Amino acid sequence: MKLLNICTVVSVMVLLLAVSASAQTSKVGFVNPQRIINESKIGRIAQDDLARLGKEKDRRVRLALESVETLKGQLQNGGLSVTAQQGTEKGLRIAVRGYEQIVESSNLEIQGEERRLIQFVMRRADSILRSIAKEMGFTMILTDPEIIGFVDKSMDITDRVIRELNGMI
């Protein structure tokens, strides 16, 4: 009998908790970080910096490739002594390895800078997101468009975040 009463009390408490939890509504907002990067002033400034870095990396890659092409040309033209040809072939292998390393490190560095750019801009947007969430009663704001199937226009606050970020500059 006591066990039945305890089970009943526990069941009633669980039911009350479930009802009170479901009575609290959650409101979810959405912001598209890529649009913030592409359309805000601060995002465009950061993208310009990234483009300058990309141009410098491209310049270094082109120089390394020119070195490879020069050595290939020397080998194709012939007329080299056996010793000179062996030295040029060794130099070509080293130049190709160097070229590949420059390409790989350049790509990694640009990807890292791109991640830092997004983090920098989104940190700037964080205070704006917090104030909008408080004002509009959002319990969370999603930032990954890949996991969202549908977003009601009233929940997408991207335009407002861009406007407020632009007002900061």
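The values are calculated or read from the model by the stated rules, or taken from the named source; none is laboratory data. This one's a predicted model, so the numbers in the text were calculated from it and none came from an experiment. All Cβ positions, even for glycine, are placed from backbone atoms using ideal geometry, and neighbour counts span all protein chains on display.
In this structure, does V96 turn out to be buried (at least 16 other Cβ atoms within 10 Å of the Cβ) and modelled with pLDDT under 90?
No, not satisfied.
Can you find a residue in segment 145-159 that is crowded, with 16+ Cβ neighbours inside 10 Å, assigned to a helix (DSSP H, G or I) and of a type in the set (V, I, T)?
Yes, because at least one residue in segment 145-159 is crowded, with 16+ Cβ neighbours inside 10 Å, assigned to a helix (DSSP H, G or I) and of a type in the set (V, I, T).
Listed residues E104, E146; which is within 20 Å of the chain's Cα centre (by Cα) and under 30 Å from L75 (Cβ atoms)?
E104
Considering only residues that are surrounded by 11 or more Cβ atoms within 10 Å (Cβ to Cβ) and part of a helix (DSSP H, G or I), which ones fall in segment 70-89?
T70, L71, K72, Q74, L75, A84, Q85, Q86, G87, T88, E89
Within segment 130-169, track down each residue that is closer than 16 Å to I42 by Cα, of a type outside the set (S, T, N, Q) and in contact (Cβ under 8 Å) with a residue 40 or more places away in the chain.
Result: V161, I162, L165, M168, I169.
Out of all the residues in segment 31-50, is one or more more than 29 Å from K153 (Cβ to Cβ), within 35 Å of the chain's Cα centre (by Cα) and touching a residue at least 60 places away in the same chain (Cβ under 8 Å)?
yes
With the checklist (1) at pLDDT below 95; (2) surrounded by 14 or more Cβ atoms within 10 Å (Cβ to Cβ); (3) over 30 Å from E146 (Cβ atoms) in hand, flag the one item L65 doesn't pass.
Condition not satisfied by L65: (1).
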